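Let me begin by presenting the structure, written as structure tokens, before commenting on it.
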Amino acid sequence: MDCLCEIIHCLVALAVAALIVVLLIAHLTAGMVDLKRHEKEKLFLTATGEKEPFPSLHDPSSLELSVIVPAYNEELRMPVMMEEAMGYLENRQKQQPLFTYEVIVVDDGSSDQTTEVALQYTRKYGADKVRVLTLVKNRGKGGAVRMGTLSSRGKLILMADADGATKFADVEKVEAGLHDVNIKPENMAVSCGSRAHLEEEAVASRSMFRTFLMYGFHFLVWFFCVRGIKDTQCGFKLFTREAALKTFSSLHVERWAFDVELLYIAQCFKIPIAEVAVNWTEIEGSKLVPVWSWLQMGRDLVFIRLRYITGAWRLESPRKTD
């Protein structure tokens, strides 16, 4: 009996020691919010090749909608998405003359012709409608979305993946989601596209191991960070300008788990969040490696919560980029 008690005491001591080590690692390896830009990242090219400065998210809005498209080595997949998006946006503007928009393609340090492909749309539609922000080095999807968002002019800001997996016309669904929540008095709200309604079909086509990883990831999201949102990872999210400024100013994670931190920040600030079912199709060529990327995201989820608990990360007041 005494031996059993000693074993239990040892296990408890080891667990406590392990927890302390994890807390220390999470605290000491925590990076700060990085809003600095290279000089080249402050400018965009017009249709005639002239350089002009990007505006700031801190400035008053001057358009109805900004669409942020993060793109890393997307020269092959992006044209399909851009044709669909521009077709929808141009048609909507014809039907609603007061509707104004911009698309900001953020080349996240690509090694292919992503920037040149995107600039073809600037030349076709003009720089008032399509702008390209080329990052000097790869930041990760979250970093690319943030840099594009901080350079936008819209009252509403939509993040949309370059692969076109979500039907672009579903922007109307996420817009309706914003209207269904109370955005007053500060005009803050987030509307998330969701694939949760497709989960049963996805489980049927996945291996047992990948299904286990998926449910494990969902549990970690629920346990450590975000509750009440079934699909945090769909790359189709709509923000009011005020909500975007509040959340992206505090964002630390720049890789795959950035969506979770964004929603965690929104919930900490008590910003209303809607979740809306959207049409979604699996597109070949994903940069996400299923097992390894999910393990990385799992680690990031644990660290997100621990870093806020230990005070390594704090919710920031919005400030301008350098």
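The values are calculated or read from the model by the stated rules, or taken from the named source; none is laboratory data. In this text, all values refer to a predicted model and were calculated from it rather than measured experimentally. Ideal geometry is used to build each Cβ from the backbone, glycine not excepted, and the neighbour counts take in all protein chains shown. Please note that ligands, DNA and RNA were not included when accessible areas were found on the heavy atoms of the full protein model with its side chains. Shrake-Rupley method; radii C 1.70, N 1.55, O 1.52, S 1.80 Å.
Assorted remarks:
- Computed from the C-beta positions of Asn187 and Phe223, the FRET efficiency with R₀ = 35 Å rounds to 0.65.
- The residues of the stretch 78-137 expose, per residue, 44 Å² of accessible area to a 1.4 Å probe.
- Cross-link pairs beyond the 32 Å C-alpha cut-off, checked among Lys124/Lys230; Lys40/Lys173; Lys129/Lys246: Lys124/Lys230; Lys40/Lys173
- Gyration tensor (Cα) of the stretch 47-112, equivalent ellipsoid semi-axes in angstrom: 22, 18, 11
- The modelled label-to-label distance for the pair Glu116/Glu50, using points 7 Å beyond Cα in the direction of Cβ, is 2.5 nm.
- Annotation note: GluC sites (Glu not before Pro) in the stretch 40-116 located in DSSP loop regions with a Cβ neighbour count of at most 14 within 10 Å are Glu50.
- The stretch 108-171: trypsin sites (Lys or Arg not before Pro) in DSSP coil with no more than 15 other Cβ atoms inside 10 Å: Lys137
- Length released on extending from Ala196 to Asn91, taking residue separation times 0.36 nm less the Cα-Cα span: 34.9 nm
- Positive contributions from Lys and Arg (+1) and negative ones from Asp and Glu (-1), summed over other residues with Cβ under 12 Å from the Cβ of Ser61, come out at -1.
- FRET efficiency for the Cys3 to Tyr215 pair, using the beta carbon distance and R₀ = 35 Å, is estimated at 0.40.
- Full-stretch length increase - His58, Glu39 - with 0.36 nm per residue and alpha-carbon distance subtracted: 5.0 nm
- Percent carbon-and-sulfur accessible area, the stretch 81-176, ignoring ligands, DNA and RNA, probe 1.4 Å: 49 percent
- The Rg/Rh ratio for the stretch 81-148, using Cα coordinates for both the radius of gyration and the Kirkwood hydrodynamic radius, is 1.02.
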